[in-house]
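Quick notes on the structure that follows.
The values are calculated or read from the model by the stated rules, or taken from the named source; none is laboratory data. Keep in mind that what you see is a predicted model, and the values were worked out from it rather than measured. To get the accessible areas, we keep the full protein, side chains included, count just its heavy atoms, and leave off ligands, DNA and RNA. Shrake-Rupley method; radii C 1.70, N 1.55, O 1.52, S 1.80 Å.
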Amino acid sequence: MAKVINSSEFEGNVLNSSETVLVDFFATWCGPCKMIAPVLEELSEEMKGKVEMFKVDVDRSAELAQKYGIQGVPTLMIFKDGKSVDRIVGFQPKEILKSRLQQY
């Protein structure tokens, strides 16, 4: 299961990671966020050791959402070597997410 992290954990877990990292910016009240959660859990298992996954609650970590220009949820951001390399907004099927992640 993807760990929910806050602003203070973001740098250590995401920006300083040597692995590819997927960050799910979500909100607890968001329907599409709830739909994508099980898809991300499956991907997390399938890509274990290749991709790390974390979740950021935009209501609890508003400064992070603002810093990364999150306009809508869910927004998935892919980080490689501490830099944002891709952004996916809205619900996407697992195959599309997996192929986007495999590029990195």
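So the values come out like this:
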{"read-out": "Reachable lysines from Lys48, criterion Cα separation under 20 angstrom, eight or more residues apart if same chain", "value": "Lys3, Lys80, Lys94, Lys98"}
{"read-out": "Dimensionless Rg over Rh [the chain; C-alpha; Kirkwood]", "value": "0.91"}
{"read-out": "MRE, 222 nm, helices only [DSSP H, n ≥ 4, -39500 (n - 2.57), over the chain, to nearest 500]", "value": "-9500 deg cm²/dmol"}
{"read-out": "Fully extended contour minus Cα-Cα distance, from Thr28 to Lys94, at 0.36 nm per residue", "value": "21.7 nm"}
{"read-out": "Percent accessible area from carbon and sulfur atoms, the chain, protein chains only, probe 1.4 Å", "value": "52 percent"}
